[in-house]
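Novice: Provided herewith is a single structure, encoded as structure tokens, for subsequent inquiry.
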Amino acid sequence: MPYLENLFSLQGKVALVTGATRGLGRAMAEALLRAGATVVLNGSNAETTRQFRAEGLAAVEYACDLSDAKAVAALADFMLTTQPRIDVLVNNAGVTFPHELVDYPDDFWHKTFRVNLEAPFQLARRLAPRMKEHGGGSIINVTIIGAELGFPNNPAYGAAKGALKQLTKSLAFDLGPFGIRVNNLGPGYFHTDMANLSYSDPERREARARRTLLGRWGEPEDLAGAVIFLASEASRYMTGQDLYIDGGWLAKGL
């Protein structure tokens, strides 16, 4: 089986990672870069791209607001007009606005869905034809354990990620005949800016660590192996699935 020699290689591949300049997105973009891919980084921190380029990695920068439908379309057009091929799409960008349910602001709800659900759908829809032209590809939608479990005071985030989980299955059905695989990557609690409110509170930090089987929070680099697996030939017969990287949170009983 000759393909085993390059099972995890992404040499010659082109990827787009949204929300790629900090936190989990940065870690996943770096993993894809070091596996050999050219990666277009969508994010708001240009310094990240400069750092990758300084190391000789094939990083390309494109910043835009994913809550703006026109900006999402422009990002897709950028990919189609500047890149020779598109092999991997990582829909990682997300926003979260915790707030009590009874007076949850409408704008929080709508923006959460625009970034966390609408943008992934539009990018997948617009970029899939280019993947088809080159014989296939991999779309990776980043969900959360909140797509499976209820968490308090954040109805939009859980609902959007749950919808994204199901959108993945629909896309996998429609795109499978063209060799395009679509899977979910679901992180648990990770030490990032988005979760800093909990992490900076010693009591809450310890409570969340105890909720896992491994007894700790995830670090961004803990996603590197999973994203390379889903992007590469290593997962070539896997589609429509959920891969949770949560330290055992979902599996834990007592």
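Novice: Once fully extended, how much extra length lies between E219 and K252, figured as 0.36 nm per residue of separation less the alpha-carbon to alpha-carbon distance? Intermediate values should be presented prior to the final figure.
Specialist: On the way: separation 33, 0.36 × 33 = 11.88 nm, distance 1.95 nm.
That works out to 9.9 nm of additional length.
Novice: Report Rg (one decimal) and Dmax (nearest whole number) for the chain, counting Cα atoms only, units Å.
Specialist: Final numbers for Rg and Dmax: 17.6, 59 Å.
Novice: Moving on. Quick query: amide H of F190 versus all other amide H atoms, modeled in the peptide plane; which residues come in under 5 Å with a sequence gap of 5 or more or a different chain?
Specialist: G218
Novice: For E233 and A209, calculate 0.36 nm times their separation in residues minus their Cα-Cα distance, and state this gained length in nm to one decimal.
Specialist: So the chain would gain 5.3 nm between E233 and A209.
Novice: Between K70 and D107, how high is the FRET efficiency from 1/(1 + (r/R0)^6) when r is the Cβ-Cβ distance and R₀ = 22 Å? Nearest 0.05. Spell out each step's value before the answer.
Specialist: Details: r = 18 Å, r/R0 = 0.83.
Result of the calculation: an efficiency of 0.75.
Novice: Helix-only estimate, please: 222 nm mean residue ellipticity of the chain, summing -39500 (n - 2.57) across DSSP H runs of length 4 or more and dividing by its residues, to the nearest 500.
Specialist: Only helices count here, giving -12000 deg cm²/dmol.
Novice: Considering only protein heavy atoms, what is the solvent-accessible area of K165 at a probe of 1.4 Å, reported in Å² to the nearest 10?
Specialist: 40
Novice: Which ³J(HN,Hα) values, rounded to whole Hz and listed in residue order, are derived for the range 69-83 from phi using the Karplus coefficients 6.51, -1.76 and 1.60 in 6.51 cos²θ - 1.76 cosθ + 1.60 with θ = phi - 60°, glycine and proline given as x?
Specialist: 4, 5, 5, 5, 4, 5, 4, 4, 5, 4, 4, 6, 9, 10, 10
Novice: The range 1-66: which GluC sites (Glu not before Pro) are DSSP loop and have at most 12 other beta-carbon atoms within 10 angstrom?
Specialist: The qualifying sites are E55.
Novice: Of all the accessible heavy-atom surface of the chain, with the other protein chains kept in place and a 1.4 Å probe, what percent is carbon and sulfur?
Specialist: Values: 6580 of 12260 Å².
Here it works out to 54 percent.
Novice: Right, another one. Which whole-percent values make up P(r) of the range 163-254 when all C-alpha to C-alpha distances are grouped in 5 Å steps starting at zero?
Specialist: Calculated P(r), rounded to whole percents: 3, 13, 19, 18, 17, 13, 9, 5, 2, 0.
Novice: Let me ask another. Suppose accessible area is computed on protein heavy atoms with a 1.4 Å probe; arrange M194, M238 from highest to lowest.
Specialist: M194, M238
Novice: Can you tell me the FRET efficiency between H134 and T82 if r is taken as the Cβ-Cβ distance and R0 is 22 Å, rounded to the nearest 0.05?
Specialist: Numbers: r = 16 Å, r/R0 = 0.71.
Rounded to the nearest 0.05, the efficiency is 0.90.
Novice: Can I ask one more? Give the cross-link partners of K13 among the lysines, using a straight C-alpha distance below 21 Å as the criterion and excluding same-chain residues fewer than 8 apart.
Specialist: Cα-Cα hits under 21 Å: K132.
Novice: Grab the other residues whose beta carbon is less than 14 angstrom from that of F151, score K and R as +1, D and E as -1, and report the net.
Specialist: Neighbour charge sum, excluding F151 itself: +1.
Novice: Give me D for the range 72-155 in µm² s⁻¹, whole number, from Stokes-Einstein with Rh from the Kirkwood sum over alpha-carbon pairs, 10 °C and 1.306 mPa s.
Specialist: Estimated diffusion coefficient is 109 µm²/s.
Novice: Next question, about the same structure. Report the Stokes-Einstein translational diffusion coefficient (µm² s⁻¹, integer) for the range 1-67, Rh taken as the Kirkwood radius over Cα pairs, at 37 °C with viscosity 0.692 mPa s.
Specialist: 271
The values are calculated or read from the model by the stated rules, or taken from the named source; none is laboratory data. Quantities reported herein were computed from a predicted structural model and do not represent experimental measurements. Using ideal geometry, Cβ is built from the backbone for each residue, glycine included, and neighbour counts are taken over all protein chains shown. Heavy atoms of the whole protein, side chains included, go into the accessibility calculation; ligands, DNA and RNA do not. Shrake-Rupley method; radii C 1.70, N 1.55, O 1.52, S 1.80 Å.
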